[in-house]
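Visitor: Take a look at the following structure, please.
The values are calculated or read from the model by the stated rules, or taken from the named source; none is laboratory data. Note that the structure is predicted; figures quoted are calculated from it, not measured. Reconstructed Cβ throughout: ideal geometry from the backbone, glycine too, with neighbour counts over all protein chains shown. Calculation scope for accessible area: heavy atoms of the full protein, side chains included, ligands and nucleic acids excluded. Shrake-Rupley method; radii C 1.70, N 1.55, O 1.52, S 1.80 Å.
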Amino acid sequence: MTTFTKRLLASLALLAIVSPMAAYADDDDREDFYKRIRKKQQRQYRNMRKAHRNYNRAHWQTHWGNNWNDQRDWYQYNMRNMGRYNSARQRALEAQMRRQYLMYNNNNYNGPYGWNQYSNPGFLNFLHTRNPGLLSSVRSIIGF
């Protein structure tokens, strides 16, 4: 064998060994690239959710949170639509509302119970002074 042939075979062997390693290195770069993209998308999503939540709070404060009369109107409007929700949390909340409504009527009420009765402005005033935490629970189910 000549020196040229030996060198040619050695370089082909070296190329056969190094080529797959280069391909693996290229895959690592691609995986890192996708990880960076995924992280950036997650950060953008978190920031978007935070901005949306802050917008909702600002909207509540400017449109409904200024005074009790506006808040009461908001509760009154949204409580009429509570029938569309059906969860264990809502059922527990409805049981609490039923007890409070009975107290509001001096334990002397035999009529129907429901979100239409609970949206009564007088009852909402009663809850506002006696059990504001219950109103906060209702607000969280309604959507804020």
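Visitor: Taking the stretch 95-120 only, how many residues are more than 12 Å from M79 (Cα to Cα) and of a type in the set (F, W, Y)? Reasoning before the result, please.
Guide: The first filter runs over the stretch 95-120 and keeps only residues more than 12 Å from M79 (Cα to Cα), leaving 95-96, 98-113.
This time we only want the ones that are of a type in the set (F, W, Y), so: 101, 104, 109, 113.
Looking only at that region, the number is 4.
Visitor: Taking the conditions exactly as written (within 30 Å of R139 (Cβ to Cβ), modelled with pLDDT of 80 or more and either open to solvent by 80 Å² or more (accessible area, probe 1.4 Å) or assigned to a helix (DSSP H, G or I) (or both)), does Q61 satisfy them or not?
Guide: No, not satisfied.
Visitor: Any residue at all in the stretch 32-54 that is at pLDDT below 80, closer than 26 Å to H128 by Cβ and out of contact with any helix residue (DSSP H, G or I) (no Cβ under 9 Å at 6 or more places or on another chain)? Steps first, please.
Guide: Let us first name the residues in the stretch 32-54 that are at pLDDT below 80, namely 51-54.
Right, trim to closer than 26 Å to H128 by Cβ and you get 53-54.
Filter once more, so that each one left must be out of contact with any helix residue (DSSP H, G or I) (no Cβ under 9 Å at 6 or more places or on another chain): 53-54.
Within the stretch 32-54 (the criterion being at pLDDT below 80, closer than 26 Å to H128 by Cβ and out of contact with any helix residue (DSSP H, G or I) (no Cβ under 9 Å at 6 or more places or on another chain)), the answer is yes, since at least one residue qualifies.
Visitor: Follow-up question, since we're still on this one. Look through the stretch 121-144, keep the residues that are without any contact (Cβ under 8 Å) to a residue 40 or more places away in the chain and in contact with a helix residue (DSSP H, G or I) (Cβ under 8 Å, 6 or more places away or on another chain), and return whichever of them is farthest from Y75 (Cα to Cα). If you could, list the steps in order and put the result at the bottom.
Guide: Looking only at the stretch 121-144, we keep the residues that are without any contact (Cβ under 8 Å) to a residue 40 or more places away in the chain, and these are 122-123, 126-127, 129-133, 136, 140.
If we keep only those that are in contact with a helix residue (DSSP H, G or I) (Cβ under 8 Å, 6 or more places away or on another chain) as well, we get 122-123, 126-127, 130-131.
Numbers: G122: 12, F123: 11, F126: 13, L127: 11, R130: 16, N131: 14 Å.
Top of the filtered list is R130.
Visitor: Do we find a residue being assigned to a helix (DSSP H, G or I), modelled with pLDDT of 80 or more and open to solvent by less than 70 Å² (accessible area, probe 1.4 Å) anywhere in the stretch 105-119?
Guide: yes
Visitor: Something else: I'd like to verify a number: residues in the stretch 127-144 that are over 16 Å from N67 (Cα atoms), in a helix (DSSP H, G or I) and not aliphatic (A, V, I, L, M), how many?
Guide: Here is the first cut: in the stretch 127-144, the residues over 16 Å from N67 (Cα atoms) are 130-131, 133-134, 137-138, 140-144.
Now narrow it down to the ones that are in a helix (DSSP H, G or I): 130, 133-134, 137-138, 140-142.
Applying the additional criterion that residues be not aliphatic (A, V, I, L, M) yields 130, 133, 137, 140.
Number satisfying all stated conditions: 4.
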